[in-house]
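Heads up: the structure comes next, in C-alpha cells.
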Amino acid sequence: MTFSPVAMMFLPLNIRIDHRRILFVGGGSLALHKIRTVERYSDHITVLAPEIDQEVRDRGGECLCKAYEPDDLVGFFLVYAATNDDALNLRIRDDARARGLLVNVIDNRQESDFISPAVLKKDDMTIAVSSNGMNARKSVAWRNRIRDLVNSSGRVVFFSFSSSTIMKQSGEPEREQQKSMERKGYVYIAGAGPGDPGLITVRAERALREADVILYDDLVSLELVDQFNALKIYTGKRKASHHFEQEEINREIVRHAVDGKTVVRLKGGDPFIFGRGGEEIEALRNYGIDYEIIPGITAAHGAGSYSEIPLTMRRISSSVAFCTGHPVSSIQVPDTDTIVYYMVASSVHDVLDAVAAKGRPGMTRVAVVQNATRYNQKVLTGTLDEFRQREKAVYSPALLIIGDSIGQFIRHNWHTRKKKVLMTGGESSRYSGRDCIMVHFPCRRISGSDLDAVHKSLEALDSYSVLLLPNKFSVKYFFRFLYDSGRDVRSLAHMKICTGGQAAAEELKENGLVADHDLEPDPASGYAKHLRELSISGERILLPGSNHVDDSLVGELRELQNEVTPVGVYAHEVRHDDLVDLDFIDEIYFATPVCVRNFRTLFESIPERIVVSTADRRTEQEYRRLFRA
C-alpha cells in the first residue's frame, strides 16, 4: 500500500480533557481568545505570564505571575504558546516537543501540532469547523451560519457547502435564509474625550450601551468604561509601552465583529486626530465589516478649555496647528500663531529646540498641560527660553502649547478653583458639581468563588422580602448579574426596595424602578433611625454590596430582628497607573467603614492637609481607628 503526499492538514479528533491540565503561556488577549473555548471542556487551566490581564484572571483558572521557564511545562497535557514574542513562542514549542507535549503556537499553523477549530456546542452535540488554519475568518463565518440555521429551525437540518454560501435543504424561505446568512457585527470607532468621563458625547454613550465588546485605550478612564455592561478589553496603548500592538488591536476588532458582535473601539480624545483610527477602518474595509466613526473632544480642545488657554483669539491668534512630538528626527514647526504638540512625554525639549531653530523668539509663551481635563491636571507655563534652560523632565501624559494666547492663562482658573473630593463607596448630597470635582474609586464585578454566592442569592430571590442597595455600585452590579441570569425587574416585584442615598436612587431609576424608600445615613445613628421609623423588622433582607461586608450595617439590620444575607457584587480595583494621586485631592469622603478599610489597603496614611468627611459615626470611628490611632 502506498500513500500519496498531502498538503499540510490537521486530523479532526475529539479528545477528552476534562481531567487534563492545560497550560497557556501568555496572559493577554491572544490567550483569552483560546481560553474562552477550552474552559468549556476543562476547568484545569493554568495561565503563566509576568503580567496577566484582569479579564484573563476573571475566568477563574490558576494564574502564575512569572517569566516562562522550561520546567513550567511539567505535568501538563496540552500547551498554548500565546505571548506577543514570536521567538519565545518558538522556544516554548521546542521545549514542549522535547517533552512529548502537543503545542499550539497562536496564529502560527506552520509551527503548531494542533489548532483550535470554530466550535458550535448545542446540548450533547458539538460541531467543529476548521480551515486547517488557513482562514480563521472563514471558519468562524461557516460556524456562525450553521449556528443561525440550527437556532432558527430547532430541528435537524441538512446542508450543502460551497466557498461562499451554505444552502439549507429544509424548506426555509430563501429570503429568510439569506437574511440569516448575512448577519454580521458592527463596529463603532469612537472618541472618549481627553480624560474627564463627563466629556463623552451623547452619540458615543449610546453606542457604548449597545456594545457587546469595548476595546479601550490607556487614557480612557475606568470610571467611564465601567458604566457599561459589555465585555471590556484593555488595549493599554501608550508610546513605548503598548499592552497590544496596533496590528493585534485590528485583529481583535475584526474577530469580534466577524463573530456577529457590536464592537466599540474606544479611543482617548478623537479617533482621527493622532488616534490611528484610519488604520483600524482600513482593516474593517478589508473584511467587509460595516462601521461608523464617532468623533470625540480632542485633547487640545480639552486642555485649552480646562486651563483657560484659548487656542484662537481675536487679534492674538487666528491660526492653530496640531502636531506630534515624535519622532524627534522629523518634528514639524508650522507657521501658525498657536501650535499644539501631542505625545510629548519625553520630547518637550526636543520640540522646543526645533521651534527655536525655526526662528521663534525666546519670549514666545509656552505651556505644558499634564493630565488634561482630569482632577490632577497640572499646567506649567513659561517662555521658550525658560523651558529650554530647565533640566530635562518627562511629562506624561501631556500636551505642549506654544503661542501668545497663553498670556490669557490664570493660575486660579475655573478648574483649579473647584475642590477635588475623593468619593469612596458612593456619593453624598453634601457636594455640588458647581463647587467640587468628584473623583471616584474604580470598581469591578466580583469573580471566582464569590460568584457562587451571587448565583445562589438570585436563585432564592422569592425568599427575600426586602432588597437594600446601599450605594450606586451595589445597584449597578446587582442588576448586571440579575440580567445576566436571564431575569429582569419582574423578579423583584414582591420585594420592598430601599436605596442608600440619592446616587443609588438615581442608578435604580436607570433600571426602570423607583425606590420604595431612599435612606440617607444619619450622622449619629447611621441607617438604624430610618429603619426603625419605617418598621423594617422581622424581614429577610438581601444586601448586595462590596466583597468586604459592611459589618456595622449588617449589625444594625440584625438588631431589628431582620435576617440579613450580604452578597458581594463588586470589588474595588485600581489599575497601577490609575491610582489616585492624593497630592491633588482636597477632601476624602468615606461612605461606610468598609470604604475606610478598602482605602487602607492602598494608602498607609492620609496627608494632614486633606479634609476627611464621613457619612456617620461608625464610619468616623473606623477612620480614626485605622488612620489616627
### Task
Determine which single condition residue 101 fails, assuming it passes every other condition in (1) under 27 Å from the mean Cα position of the chain (by Cα); (2) modelled with pLDDT of 90 or more; (3) over 25 Å from residue 259 (Cα atoms).
(1)
### Message
Going residue by residue through region 507-516, is there one that turns out to be of a type in the set (D, E, K, R), part of a helix (DSSP H, G or I) and either open to solvent by less than 50 Å² (accessible area, probe 1.4 Å) or touching a residue at least 12 places away in the same chain (Cβ under 8 Å) (or both)?
### Response
yes
### Message
Can you find a residue that is closer than 28 Å to residue 571 by Cβ, surrounded by 15 or more Cβ atoms within 10 Å (Cβ to Cβ) and aromatic (Phe, Trp, Tyr) anywhere in region 11-26?
### Response
yes
#### Entry: Cβ pairs under 7 Å, 6+ apart, first in region 360-375 and in contact (Cβ under 8 Å) with a residue 24 or more places away in the chain, second open to solvent by 30 Å² or more (accessible area, probe 1.4 Å) and among the basic types (Lys, Arg)
370/378; 371/378
### Query
So, of the residues in region 121-140 that are among the hydrophobic types (A, V, I, L, M, F, W, C) and over 23 Å from residue 82 (Cα atoms), which turns out to be modelled with the highest pLDDT?
127
### Query
Say we look at region 373-424 and pick out the residues that are charged (D, E, K, R) and within 30 Å of residue 471 (Cβ to Cβ); which of these is surrounded by the fewest Cβ atoms within 10 Å (Cβ to Cβ)?
417
### Task
Would you point out the residue of region 74-97, among those that are without any contact (Cβ under 8 Å) to a residue 24 or more places away in the chain and open to solvent by 50 Å² or more (accessible area, probe 1.4 Å), that is farthest from residue 252 (Cα to Cα)?
97
### Query
Counting just the residues of region 248-289 that are in contact with a Pro (Cβ under 6 Å, 6 or more places away or on another chain) and on the phi < 0 side of the Ramachandran plot, which one comes out modelled with the lowest pLDDT?
277
### Message
Being crowded, with 17+ Cβ neighbours inside 10 Å, among the hydrophobic types (A, V, I, L, M, F, W, C) and in contact (Cβ under 8 Å) with a residue 24 or more places away in the chain is the requirement here; does residue 128 meet it?
### Response
no
### Task
Could you grab me the full set of residues in region 603-629 that are touching a Gly at 6+ places or on another chain (Cβ under 6 Å) and either outside any loop (DSSP other than H, G, I, E, B) or closer than 16 Å to residue 580 by Cα (or both)?
618
### Query
So residue 426 fits all but one of (1) under 25 Å from residue 492 (Cα atoms); (2) at pLDDT below 90; (3) part of a helix (DSSP H, G or I); what number is the exception?
(3)
### strands (runs of 3 or more DSSP E) contained entirely in region 268-380, each with at least 2 residues that are among the charged types (D, E, K, R)
290-294
### Task
Scan region 215-247 for residues that are modelled with pLDDT of 80 or more and of a type in the set (Ser, Thr, Tyr) and jot them down.
216, 221, 234, 235
### Query
Going by the conditions given, is residue 60 small (Gly, Ala, Ser), in a loop (DSSP other than H, G, I, E, B), modelled with pLDDT of 85 or more and on the phi > 0 side of the Ramachandran plot?
no
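The values are calculated or read from the model by the stated rules, or taken from the named source; none is laboratory data. Since this is a predicted model, take the numbers as computed values, not measurements. Counting neighbours? That spans all protein chains shown, and the Cβs are built from the backbone with ideal geometry, glycine included. For accessibility, only protein heavy atoms count, side chains too; no ligands or nucleic acids. Shrake-Rupley method; radii C 1.70, N 1.55, O 1.52, S 1.80 Å.
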